[in-house]
Amino acid sequence: MAARNEGVISRVSSSISESSIVSKGKSVASDAGFVAKKLLKSTGKAAWIAGTTFLILVVPLIIEMDREAQYNELDLQQASLLGTPAPQKMSVDTLGQTIKLFTLKPGHWEIET
Amino acid sequence: MATRVPPPATPSPVPAEAIKPEKVDYMNLPCPIPYEEIHREAMMSLKPEHFEGMRFDFTKGLNQKFSLSHSVVMGPTEVPSQSAETIKIPTANYEFGANFIDPKLMLFGRILTDGRLSARVKCDLSENLTMKANAQLTNEPHMSHGMFNFDYKGSDYRTQLQLGNGGLIGASYIQSVTPHLSLGGEVFWAGQHRKSGLGYAARYNTDKMVASGQIASTGMVVLGYVQKVSEKVSLATDMMYNYMSRDVTASFGYDYILRQCRLRGKIDSNGCTSAYLEERLNMGLNFILSAEIDHKKKDYKFGFGLTIGE
């Protein structure tokens, strides 16, 4: 009984594995795997080229532009401190403490802490 | 008398006159730039001196006119080979140079530890005539050469006569046609190789852009275009086509001249990306970074350098 049963199972399984649908499915799956692998590889390569190109061309540019902006800011600050001081405000540095003076009326200074 | 046209002193024709293009004085055109420097701006932006390894340059002025230079270069150098792969061998070189600079006379001499010697002379013979000479001596046979150039600078044209060893004779002429456009041509004859050629060039420049084109009978076509975007930024593109070997290269690059640095980047149609950064650390102290990657040939070149003096 058991042997017959086994025989049926093996016959069924062999008939399934030998059917054209299964072999077609197998080849499609392997094709899909191959294509996916190739696609992944080529995307990886493209990403690598794009990344290294970005590293060479754009990263130094960003860093230098940032530095330039910092210099410009520093210049602007210095110009406002030395060249044309703000007319209504000045600060006095005494004993390491900065006291800000501001005025409401000309010649009359108030202290702002 | 009543129908007489009123004198043009009325305010209405002023804007119309402002729009009208300025009359070009064709007798008073500016002097063009020399024929061999026709692509100057594009070359400056797109072809910095990339190097691999380390370099150190030191220039010391002994007095106002005389200066000495020392430079050390270490790194791999490419050896020409038949195979597609590049072969590199490590080399180290020291170069000693002496310069004499005077407005009327310039002398430069360089000697390398591997035995190469080069000398350049630029001498103003008269106000318009300049003589340039350069020579290179090596211990390898047939690699030494010498060349004499005579440049004549007219009011709106320039001519040049070239004489070199190996029977090389060349002449070029460039003329300003309008205030912005200049056209030129050249002929050359290389006696040793029994080759001769003709070439033409055109250049159009305004203060915002420069376009230049050159064609030669050797099959070379070179086109260049530089656009000045702002005071600090310029964008450049060029194309090189060789009719004989049918290869064409186009490249696009940027050139940023900032307060503390100059940065030049370029990408070309062969998949080669390069950048060149010159950073000013201090007065007379420059730091150089050079990078060049060629994905197709898998050739990666990185270099750093220091320049002291000048």
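The values are calculated or read from the model by the stated rules, or taken from the named source; none is laboratory data. Bear in mind that the values here come from a model prediction, so they are computed numbers and not experimental data. Every residue, glycine among them, receives a Cβ derived from its backbone with ideal geometry; neighbour counts consider all protein chains shown. SASA here: full protein model, heavy atoms, side chains in, ligands and nucleic acids out. Shrake-Rupley method; radii C 1.70, N 1.55, O 1.52, S 1.80 Å.
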- [ ] State yes or no: is B:Tyr225 within 14 Å of chain A (Cβ to nearest Cβ), under 21 Å from B:Asn205 (Cβ atoms), open to solvent by 20 Å² or more (accessible area, probe 1.4 Å) and among the aromatic types (Phe, Trp, Tyr)?
- [x] no
TODO: Go through (1) at pLDDT 95 or above; (2) within 14 Å of chain A (Cβ to nearest Cβ); (3) under 29 Å from B:Arg158 (Cβ atoms) one by one and return the number of the condition B:Glu231 breaks.
DONE: (1)
Open item on the list: Can you go through B:Ser290, B:Ser269 and tell me which one is more than 11 Å from chain A (Cβ to nearest Cβ) and closer than 20 Å to B:Met43 by Cβ?
Closed with: B:Ser269
Open item on the list: I'm trying to understand the selection: among the residues of region B:252-263, which are closer than 12 Å to A:Leu57 by Cα and more than 10 Å from chain A (Cβ to nearest Cβ)?
Closed with: B:Phe252, B:Asp255
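Just to be sure before I move on: is B:Leu285 open to solvent by less than 70 Å² (accessible area, probe 1.4 Å), more than 8 Å from chain A (Cβ to nearest Cβ) and more than 14 Å from B:Phe51 (Cβ to Cβ) in the structure I sent?
Working: open to solvent by less than 70 Å² (accessible area, probe 1.4 Å): yes; more than 8 Å from chain A (Cβ to nearest Cβ): yes; more than 14 Å from B:Phe51 (Cβ to Cβ): yes.
Yes; evaluated as a whole, the condition is true for this residue.
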TODO: Only residues that are more than 18 Å from B:Tyr254 (Cβ to Cβ) and polar (S, T, N, Q): list them for region A:49-74, please.
DONE: A:Gln70, A:Asn72
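Can you name every one of the strands (runs of 3 or more DSSP E) wholly within region B:23-135 that holds 1 or more residues which are open to solvent by 50 Å² or more (accessible area, probe 1.4 Å) and within 30 Å of B:Ala216 (Cα to Cα)? I'd like the intermediate steps shown before the answer.
Details: elements: B:53-61, B:66-79, B:87-101, B:105-112, B:117-124.
Counting at least 1 such residues, we get B:66-79, B:117-124.
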TODO: Determine whether B:Val210 is closer than 30 Å to A:Asn72 by Cα, in contact (Cβ under 8 Å) with a residue 12 or more places away in the chain, in contact with a Phe, Trp or Tyr (Cβ under 9 Å, 6 or more places away or on another chain) and not in a loop (DSSP other than H, G, I, E, B).
DONE: yes
- [ ] Filter region B:259-275 for residues that are in contact (Cβ under 8 Å) with a residue 12 or more places away in the chain and open to solvent by 20 Å² or more (accessible area, probe 1.4 Å) and give the result.
- [x] B:Gln260, B:Arg262, B:Arg264, B:Lys266, B:Ile267, B:Asp268, B:Ser269, B:Asn270, B:Gly271
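Yes/no per residue for (1) of a type in the set (S, T, N, Q); (2) at positive phi:
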position	(1), (2)
B:Leu168	no, no
B:Gln175	yes, no
B:Pro179	no, no
B:Gly184	no, no
B:Phe188	no, no
B:Arg194	no, yes
B:Gly199	no, no
B:Lys208	no, no
B:Ala211	no, no
Open item on the list: Any residue at all in region A:66-76 that's modelled with pLDDT under 95, away from chain B (no Cβ under 14 Å) and open to solvent by 60 Å² or more (accessible area, probe 1.4 Å)?
Closed with: no
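In region A:16-26, which residue that is surrounded by 10 or more Cβ atoms within 10 Å (Cβ to Cβ) and not basic (Lys, Arg) is nearest to the chain's Cα centre (by Cα)? Before the answer, list the steps.
Quick first cut of region A:16-26, residues surrounded by 10 or more Cβ atoms within 10 Å (Cβ to Cβ) only: A:16-17, A:19, A:22-26.
Next cut, not basic (Lys, Arg) only: A:16-17, A:19, A:22-23, A:25.
Numbers: A:Ile16: 51, A:Ser17: 49, A:Ser19: 50, A:Val22: 45, A:Ser23: 45, A:Gly25: 41 Å.
Among those that are surrounded by 10 or more Cβ atoms within 10 Å (Cβ to Cβ) and not basic (Lys, Arg), it is A:Gly25.
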- [ ] Please go through region B:146-201 and pick out each residue that is assigned to a loop (DSSP other than H, G, I, E, B), polar (S, T, N, Q) and open to solvent by less than 50 Å² (accessible area, probe 1.4 Å).
- [x] B:Thr178
